[in-house]
Each structure stands twice: as structure tokens, then as C-alpha cells.
Amino acid sequence: MHFLKSFSFKSKLLLTVAASCIGLGAISIGIAVYYNSKEFHQGLVEKSRIIHGRLSEVSKYVAEQGGLEPMIKRFTSQYEDSSQLTDADKMVILQQVPIYASMKIGAENSEKDHYEFRVFSDEARNKKNKATPEEMQIFDRFKNDPNLNEIVEDEAGYVTVYRPVRLKESFGCLNCHGDPATSPWKNGKDILGYPMENWKDGKLHGVFAIKNDIAIVKQAQADAGKTSSTLMLSLMILLGGGFAIGFAALIIRGPIATLAQIANALNVAGSEVNQASEEIASSSEGLAQASTEQASSLEETAASLQEISSMIEKALESSERTAKTSLGSQNSAKEGQAAVEQMIHSMGEISESNQQIMTQVNESNKKMNEIVEVIQEIGQKTKVINEIVFQTKLLSFNASVEAARAGEHGKGFAVVAEEVGNLAEMSGNAAEEISSMLDASISKVEQIAIDTKNAVEGLIQQGKSRVDSGVHVAEQCAVVLKEIVQNVSEVSSLSQEISQASKEQALGVQEINKAMTQLEEVTQKNNSVSNSTSASAGQLSAQARAMKEAVNDLQNLLYAEKTSSHSSRSAGGSSKTSSHSSFKRAA
């Protein structure tokens, strides 16, 4: 069956119609031959029955015309014995015997009607009519069943109908075969001189057989110029098959052309979808790489935030120690108010404490500057994140465009592209919030550092002035001590404010850490989505290849060997179209 691959779909369809017509025609011819043969055989049976009926009517007619009674009276009055009968006399007597008339009519018309007439019996007076062993089987069946009136045999090219011949007293049969005591010659013999058998009415005397040779009858019909109905039916079936094939070729011409156009269009569309899926896969790989780089940047940013959080905790501890030191200074001032003699020593301690405060404030300012630098670095990282978000949105837009071009096959990927765009927008919003929080933190830290430095510097300058003039103005010791207590109280309040601001800053950094964690999760989700998008693009590419293979199979079915050149032309056109589309997208 390999040679069928070289035929086009139209040729295969016409071959199928032709094979179906030939098969159905052969079946129809076979059925026609079978039923025609069966009808022919049944016709031979009916023909034989008609002949049997005609022979029966002949017997009845001869019997009703007088039969043997007049002949017996005539010849017994003329002769004394049957030996005196001439051949002409015997022929006259036989013509009045009903069964003889039937035998004569049956034999005379056999050649004309193309059949063989045969009479046989188990006790035939004429030896030619003695039944053969096969005929005796038929004879015995009639003999054993008085109600059996016909036997039909259809075998070995012959159709034979058998009917029994039984003695009928009404036909005068017992005049020849009845009681010998009724012999017309008074010697136990019938009118023709044959011994009378003392048979009874209804006894089976013999069997009429009408045998038809099927070959001879058909030859006779052919010689008579009769056309076989089987031949006519075969010619009609063949003509009908030819007409069906021509009509099928006319009908399928339009659908085959339409199907070919659809196959060509599908081939071009499959090539474009394949090209688009490859571009989507490439974009998905780029998106996955960008997401991986974004995740790496976020990890670095998280590490920086942890360092900032550690520095803020140290600053909080320093501010708490400053508050405790301020409280100790306040207690010392109160004790100095009670013990003026220790004022000089207390002033020295106050000067030393102020120097430590100055040193600590400088260190705090330096750490604040470091915090500001770290926050600025976070701002730079946030700009990088914003740039990645912008690239992600651009990739999502390109993916949406490619999904729209893919049509029905790109609907699922369009949803994925939209989700990537939404995630990118969320990342952008989070980055903007981080930028706003960082700007606010920078402003607040700088303002706190400036306020603290100004306040502490003022206080230290005032303390130094008080200490320098304290030796000369001992009488104003009480007043100075009160002012010192007030100033130390203000320093304690400022230290508490610094501590509170450091706590708020720590909370802000924690919020930043939380936002960075969420941003990292979003980035990981983007990475997962991009990987899923890449897998979907691979599946889309595989489906496009499968669709192209199916279209090639369809074209092979339609065009057979012509498909290879046609497909190359279609593929070339598709490549040009896809290249042109890719150029426009790149531009």
C-alpha cells in the first residue's frame, strides 16, 4: 500500500468512491445472480408443475370422454380372445387409457419444452419403465406417504419434479389392474391380454418425472435471443458506478480547493506562531536573568540594611548612656548645691563630663553621617530597583504584544504577561515608598544631628563659661548651680529625645527591612513567573511545531508528493513575514 502515498487526497477520494462502487456493484451483481438463479430454478419448478398439471388434465379429459368401457364392449363383442387384436386395435384401446395418453403427451412435448419425461414403477409392464435403485427411493417415499403429492430435487445442474400416479377407479384403471374375476375375456386378463393384478383404488401405480437440464434450458433461451437479466443488471450497475465517480469528482472539486487554501493558511500561521513563541521564550529568559540579578541586588540591600540596623542600635545604646550621664550630672549638681566646698571639684567633674559629652556627640554625629551615607547608598540601590522595574514593565509590555499577535494560543500567556506587569508595578510602588522613607530618614537624621550638635555646643560653651567664672564668683555659686541643674535637665531631655528618635529610626529601619523582604518575595515570584513563562513559551513552541507538523500532514494528504515544494515555498514566505515582524518590533 506504499504506492498510495504518491496519490493526492482527491485521487485517493476518487479511488475510494470507485472501489466502493465496484465493491457494491460486485455485491449487487452477486445478489442479483443469486436471486436470478434462485428465481430461474423456481421457474423450472413451476414449469414442471404446469406440465404435471397439464398431464393430469389430459388423463382426466380422456377418462371423461368414455375411457375403456366402450372399447371393452366393442372388442369383446368382435373377438373371442385378446390374441385376435391387431396392432391397430391395440393402439385404439391404448388411446382410451388415461395414463397412456398422459405419457404420450408428456413424451411428445419434452423436446419442444426442453425437458426429459420419465415414467417409472416397481411393477412396470414395460421393462423400460422399471425403476432404477435411485428412482425406487423416490417411489418408496410416495408409497409410504399417501398424502405426499410432489417431490422436488434441485442438484447437480438438474431440476426434477416428481408426482405420483395412483390408480383411480373413476378413471377406469381397475378395468386393467383390478380383480381378475372381472376380466373382460373371462380369463383373468385385461382387454390387451395382460394379467390383472387385483390392485385396489388409490394404489401407487408409478411416478411421473419431469427433469430439466439447467444448461440446456439456458442455452435454449440464449438461442432464442433472450437477454440475461443478470447481464443487464451488471451493465446498469457499472454505468451507475461510472456516473457516481464522475459526479463525486465534480462535487469534491470545490471542497478540496477550500481545504487546500486552509492548509496553506494554517502553514503560514503555524510558522508565525513558532517564530513568536521562540521570541517569547527568548524574552522570558531575559526576564528570568533580570529577576535573578534583581534578587541578588535585593540581598545586598538587605545586608546593608542589617548593618544600618546594627549601627542604629549602637547609637540607641549611646543615647541611653548619655541620658544616664546627664542624670548623674544633675544629681552631682544637687549635691554641689548642698556642699559648696566641693564646688571646684564638681566644676572639674562637670568640665570633664562636658568634654565627654562633646566627644560622644562628635562620635554620634560621625555615626549619623555614616547612617546618612548608608541611606544614600540605599537610595542608589532603590534607583537600580526602579530601573529593573522599568525594564520588567517594558518586557511585560513586549510579552503582551507578542501574546496578542499569537491570537488564541497567546491568551494564557497574555494573562501571565499582565501579572508580571502588575508585579513590576507593585515593585515600583514599593521602591518609591522606600525612596520616600529614605529621604525622610535622611532629613530627620541630619536635622537631629544639627540640633544636637548646636544644643550640646551651646551647653558646653555655657558650662565652660560658668566654670571659668565660678572661681571668681563663688558668691554666685548657688545661682550657677541652679542654672547647671536646669541645663543638665535640658541635656537629659535632649538625650531622651535623641533616644526616642533613635528608637523611631530603628522602627523605620525595621519597616524598611520588612519592605525589602516583601520586595525580595516579589522578586522571587517574578523569577518564578518568568521561569513559568519560559516553560509556557517552550510549550507554545512545541504546540506550534506540532501544529506545523499536522499542517504538513494535511498538505501531504492533499498534495501527496507536491507538498515538499509547496511547503518550502510557504515556509520561505512565513520566514520573510516573521523576519519583517521581528524587525518592526526591534525598531
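One residue is enough: does region 129-143 have a residue meeting the conditions under 22 Å from Phe117 (Cα atoms), under 60 Å from the mean Cα position of the chain (by Cα) and of a type outside the set (Asp, Glu)? No, region 129-143 contains no residue that is under 22 Å from Phe117 (Cα atoms), under 60 Å from the mean Cα position of the chain (by Cα) and of a type outside the set (Asp, Glu).
Is there a residue in region 43-60 that is assigned by TED's automatic domain parsing to the domain that holds Cys173 and farther than 16 Å from Ile210 by Cβ? Checking region 43-60: at least one residue is assigned by TED's automatic domain parsing to the domain that holds Cys173 and farther than 16 Å from Ile210 by Cβ.
Taken over region 40-58, the criterion of being of a type in the set (S, T, N, Q), surrounded by fewer than 19 Cβ atoms within 10 Å (Cβ to Cβ) and under 16 Å from Arg118 (Cα atoms) is satisfied by Ser56 alone. Before we move on, is Lys334 modelled with pLDDT under 75 and either surrounded by fewer than 18 Cβ atoms within 10 Å (Cβ to Cβ) or not in a helix (DSSP H, G or I) (or both)? So Lys334 fits the description; yes.
For every residue, the table says whether it meets (1) closer than 27 Å to Lys90 by Cβ; (2) buried (at least 20 other Cβ atoms within 10 Å of the Cβ); (3) more than 60 Å from the chain's Cα centre (by Cα).
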| residue | (1), (2), (3) |
| --- | --- |
| Gly188 | yes, no, yes |
| Ile191 | yes, yes, yes |
| Asn212 | no, yes, yes |
| Ala220 | no, no, yes |
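Per-residue answers, yes or no, for (1) closer than 29 Å to Gln380 by Cβ; (2) assigned by TED's automatic domain parsing to the domain that holds Ser502; (3) at pLDDT 80 or above; (4) buried (at least 18 other Cβ atoms within 10 Å of the Cβ):
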site: Leu394; (1), (2), (3), (4): yes, yes, yes, no
site: Phe413; (1), (2), (3), (4): no, yes, no, yes
site: Ala417; (1), (2), (3), (4): no, yes, no, yes
site: Asn422; (1), (2), (3), (4): yes, yes, yes, no
site: Gly428; (1), (2), (3), (4): yes, yes, no, no
site: Glu433; (1), (2), (3), (4): yes, yes, yes, no
site: Ser436; (1), (2), (3), (4): yes, yes, yes, no
site: Asp439; (1), (2), (3), (4): yes, yes, yes, no
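Would you say Met71 is surrounded by 15 or more Cβ atoms within 10 Å (Cβ to Cβ) and either within 60 Å of the chain's Cα centre (by Cα) or not in a loop (DSSP other than H, G, I, E, B) (or both)? Judged against the criteria, Met71 is a match. For Gly241, the conditions (1) within 18 Å of Arg118 (Cα to Cα); (2) surrounded by 12 or more Cβ atoms within 10 Å (Cβ to Cβ) all hold with the exception of (1). A count restricted to region 450-492 and to residues that are closer than 30 Å to Ile512 by Cβ and at pLDDT 75 or above stands at 6. Just checking, does region 354-364 include any residue being modelled with pLDDT under 75, surrounded by 13 or more Cβ atoms within 10 Å (Cβ to Cβ) and of a type in the set (S, T, N, Q)? Looking through region 354-364, at least one residue is modelled with pLDDT under 75, surrounded by 13 or more Cβ atoms within 10 Å (Cβ to Cβ) and of a type in the set (S, T, N, Q).
Looking at region 251-293, which of its residues are touching a Leu at 6+ places or on another chain (Cβ under 9 Å) and closer than 30 Å to Ile385 by Cα? Hits for region 251-293 are Ala276, Ser277, Ile280, Ala281, Ser283, Ser284, Gly286, Leu287, Ala290. Of the residues that sit in region 160-189 and are touching a Pro at 6+ places or on another chain (Cβ under 8 Å) and among the small types (Gly, Ala, Ser), which one is modelled with the lowest pLDDT? The extreme case among them is Gly172.
Could we say that Tyr158 is surrounded by fewer than 17 Cβ atoms within 10 Å (Cβ to Cβ) and either touching a residue at least 24 places away in the same chain (Cβ under 8 Å) or β-branched (Val, Ile, Thr) (or both) here? Yes. For region 79-133, the set of residues classified as crowded, with 18+ Cβ neighbours inside 10 Å and assigned to a helix (DSSP H, G or I) consists of Ser82, Asp89, Ile93, Pro98, Ile99, Ala101, Ser102, Met103, Ile105, Gly106, listed by residue number. Filtering region 110-129 to residues that are of a type in the set (Asp, Glu) and within 26 Å of His177 (Cβ to Cβ) leaves Asp122, Glu123.
Residue by residue through region 193-210, note down the ones that are assigned to a strand (DSSP E or B) and buried (at least 16 other Cβ atoms within 10 Å of the Cβ). Residues satisfying the conditions are Leu204, His205, Gly206, Val207, Phe208, Ala209, Ile210.
Based on this model, can you work out whether Gly172 counts as of a type in the set (Gly, Ala, Ser) and out of contact with any Leu (no Cβ under 7 Å at 6 or more places or on another chain)? In short, no. Evaluated against (1) out of contact with any helix residue (DSSP H, G or I) (no Cβ under 6 Å at 6 or more places or on another chain); (2) at pLDDT below 75; (3) assigned to a helix (DSSP H, G or I), Gly240 falls short on exactly one condition, (2). Summed over region 139-155, the residues that are under 16 Å from Glu123 (Cα atoms) and touching a residue at least 40 places away in the same chain (Cβ under 8 Å) give a count of 3.
The values are calculated or read from the model by the stated rules, or taken from the named source; none is laboratory data. Not measured: the values here are computed from a predicted model. Don't worry about glycine lacking a Cβ; one is built from the backbone with ideal geometry, like all the others, and counts go over all protein chains shown.
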